[in-house]
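Everything on this sheet refers to the single structure shown next.
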Amino acid sequence: MKNNSVNKRYVPKLRFKGFENTWQIEYVKNLFYITRGYVLSKNKLIENGFPVYSSQTLNNGLLGFYDQFLYEDSITWTTDGANAGTINFRKGKFYCTNVCGVLLKDKATPNLYFANVLSLVSKKYVSYGLGNPKLMNNTMGDIEIIYSVNLKEQEKISKFLNLLDKQISLLENKLKLTEQMKKYYLFSCFSQKPILRFKEFSNKHKSSKIGELFAITRGFVLSKKNIVSNGLYPVYSSQTLNNGLLGFYDQFLYEDSITWTTDGANAGTINFRKGKFYCTNVCGVLLKDKATPNLYFANVLSLVSKKYVSYGLGNPKLMNNTMNNITINYSDNINEQLKLSEFIEKFDFFELNIKHKIQKIKERKKFYLINLFI
């Protein structure tokens, strides 16, 4: 690849060696035949057959399988709903539902290259009238794209980006397997009646209410203007993104404690917060009393906490008085608690490491998408 220090008209910033042609600009309707999918009842889906794609983004839009296909080696996009404007290249024969627009071969051949070209601009053309996002066929046809007419350049760029996608996919599969293993061990080792234990521990588990084990309190309101990107102490909120980290502050409230989300969509989410920290008013906190807060108790509690969330008036809540009366079965052997915490913490570290690698590759892909295309 070489970097073009001086941009010419319709020449990308970054190109593979051997390609010098100026790119062209054209309407989508002048390159592809535009159509869409058809309605398909869910009861007609089968376990094996041709893939059926829908408007969803989960599982790359795969809804199931069907014994007939509509198109082959084509570009699809979501025409309606939250994912309107999402572009995919569908390799091989496939069926797609009526909320999928389709670009078929005409003057240009649909491929991963054109799918990436379109994905960089398609969202700009989505209309949001009446709260229902749409990118219909006529609008798609009027989108102008800048592209290389050199098929070898298209193929080289496609192969390069496909390699990044495969790396991401492999890591995402690895992450999924790690999460499944962690879930298995959580239920097997931390449940109310554990079925797996380290061989050196055989003491009978005890049963207590949370209020009998910990002092229960909560966080305090903190204005966003007081939160900084770098500071002495982490500030945790009710969000789950970035493990609840909102930012940093120059004061702390608690240390080595368990927090939970009291209100909102994430009500009942449990975390052990190691070290000194600040937390906002939508966080309940369990402090040391008869028992010491640690990762072990956080995991024991996380397996049951969601059952106690109330959903009255559409606002999920798990307040202090309810937390106080939750009963858990637990090992009072501190050595067992620490050994289990250390064991499950390895999964947490492994997950975090994989997520970091995925994020890095996605950032690389974003860079190349911006610089390999115009």
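Counting helices only, and only those DSSP H runs with n ≥ 4, report the 222 nm mean residue ellipticity of the chain as the sum of -39,500 (n - 2.57) divided by its residues, in deg cm²/dmol to the nearest 500.
Value at 222 nm, helices only, nearest 500: -9500 deg cm²/dmol.
With charges set only on the Cβ (+1 for Lys and Arg, -1 for Asp and Glu), what does the dipole of the chain come to about its Cα centre, in debye to the nearest 20?
Value, rounded to 20: 500 debye.
Using Stokes-Einstein with the Kirkwood hydrodynamic radius over Cα pairs, what translational diffusion coefficient do you get for segment 20-135 at 25 °C and a viscosity of 0.890 mPa s, in µm²/s rounded to a whole number?
For the chosen part, D equals 167 µm²/s.
When ranked by the protection proxy of mean other Cβ atoms within 10 Å per residue, highest first, what sequence do the peptides 159-166, 77-84 form?
77-84, 159-166
In the structure shown, do any of LYS183/LYS306; LYS159/LYS362; LYS44/LYS306 have a Cα-Cα gap over 27 Å, and if so which?
LYS44/LYS306
Can you give the extra length, in nm with one decimal, that the chain gains between ASN226 and ASN59 once fully stretched, where that is 0.36 nm per residue apart less the Cα-Cα distance?
56.1 nm
Order the peptides 292-305, 23-36 from the highest to the lowest mean number of other Cβ atoms within 10 Å of their residues.
Listed from highest to lowest mean packing, they are 292-305, 23-36.
If one computes the Cα centroid of segment 164-197 and of segment 303-374, what distance in Å separates the two points?
12 Å
Taking the Cα-to-Cβ direction at PHE160 and at ILE334 and moving 7 Å from each Cα, how far apart do the two end points lie in nm?
5.8 nm
Report relative contact order for segment 23-149 in percent, whole number only (criteria: Cα-Cα under 8 Å, sequence separation at least 6).
About 34 percent, as a whole number.
With just the Cα atoms defining each centre, how far is segment 51-99 from segment 220-257? Give it in Å.
42 Å
Which residue fluctuates most in the GNM of the chain (Cα springs below 10 Å): LYS360, LYS13, LYS290?
LYS290
More than 36 Å apart: what percent of Cα pairs in the chain qualify?
Summing the P(r) tail past 36 Å for the chain gives 44 percent.
Taking Cα pairs under 8 Å and at least six residues apart, what relative contact order does the chain come out at, in percent?
16 percent
Which whole-number percentage describes the relative contact order of segment 80-143, with Cα contacts under 8 Å and a sequence gap of 6 or more?
50 percent
Report the FRET efficiency, 1/(1 + (r/R0)^6), for LEU245 and HIS205, where r is their Cβ-Cβ distance and R0 is 30 Å, rounded to 0.05.
E between LEU245 and HIS205, to the nearest 0.05, is 0.35.
Which peptide among 364-374, 179-189, 198-208 comes first, and what is the full order, when sorted by highest mean count of other Cβ atoms within 10 Å?
Sorting 364-374, 179-189, 198-208 by mean packing, highest first, produces 364-374, 179-189, 198-208.
Using a basic spin-label model with each label point 7 Å from the Cα along Cα→Cβ, how many nm lie between GLU47 and LEU104?
Placing both labels 7 Å along Cα→Cβ, they lie 3.3 nm apart.
For every other residue with a beta carbon closer than 15 angstrom to the beta carbon of PHE349, add +1 if it is Lys or Arg and -1 if Asp or Glu, then tell me the sum.
+1
From the square roots a ≥ b ≥ c of the eigenvalues of the alpha-carbon gyration tensor of segment 249-305, which class results: rounded (a/c under 1.5), prolate (a/b over b/c), or oblate?
Because a/c hits 1.5 or more and a/b fails to exceed b/c, segment 249-305 counts as oblate.
Every number here is computed from the coordinates shown, using simple stated rules; none is lab data. Note that the structure is predicted; figures quoted are calculated from it, not measured. Quick reminder, even Gly has a Cβ in these numbers, built from the backbone with ideal geometry, and neighbours come from all protein chains shown.
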